[in-house]
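Student: Here you go, one structure.
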Amino acid sequence: MMDALDDADALEIERALREDHEGLCHAAHLPDAGLVWWRATIRARADAARIAEHPIAVAHSIAGACVVALACALGALAWRTMPELILQNAVPLVAALALCLLVAPLAVILALAKD
């Protein structure tokens, strides 16, 4: 176990810590008020833009879900009304669907790309 510090050691440690603290306080520099104001303004604008973009992102998500649901509904309706025609043209329909599934991510990437 460590021996208890005597008063002289405690005072020496206190003095060393105080000198270190004072030296660091003198070496520290505060940025100019204009710089602090400019950074706060930039941060406030970025926060406001982020808050404003959230409802737009939700609306885009809902619109995408509606498009997928509409496509599924149209596919089910087509299958119920003309199953023979769909089965006869299955290969071109599957090829067209595969092409759409391959092109859709590229279209999304290009649409969301920032200039």
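Student: Would you check if there is a residue in segment 79-91 being under 39 Å from the mean Cα position of the chain (by Cα), of a type outside the set (Val, Ile, Thr), exposed (fewer than 10 other Cβ atoms within 10 Å of the Cβ) and assigned to a helix (DSSP H, G or I)? Walk me through how you get there before you give the answer.
Tutor: From segment 79-91, those under 39 Å from the mean Cα position of the chain (by Cα) are none; that's our starting set.
No, the conditions are met nowhere in segment 79-91.
Student: Right, something else. Would you please list the contacts, defined by Cβ atoms under 9 Å and residues six or more apart or on different chains, that run from a residue in segment 9-37 that is part of a helix (DSSP H, G or I) to a residue that is among the aliphatic types (A, V, I, L, M)?
Tutor: That search, which allows pairs on different chains as well, returns Ile13/Leu5; Val36/Leu30.
Conditions tested, residue by residue: (1) under 23 Å from Leu112 (Cα atoms); (2) of a type outside the set (Lys, Arg); (3) modelled with pLDDT of 90 or more.
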| site | (1), (2), (3) |
| --- | --- |
| Arg15 | no, no, yes |
| Asp20 | no, yes, yes |
| Trp37 | no, yes, yes |
| Asp47 | yes, yes, yes |
| Ala52 | yes, yes, yes |
| Ala59 | yes, yes, yes |
| Ile62 | yes, yes, yes |
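The values are calculated or read from the model by the stated rules, or taken from the named source; none is laboratory data. Computed from a predicted model, the values in this text were never measured in an experiment. Backbone-built Cβ (ideal geometry, glycine too); neighbour counts: all protein chains shown.
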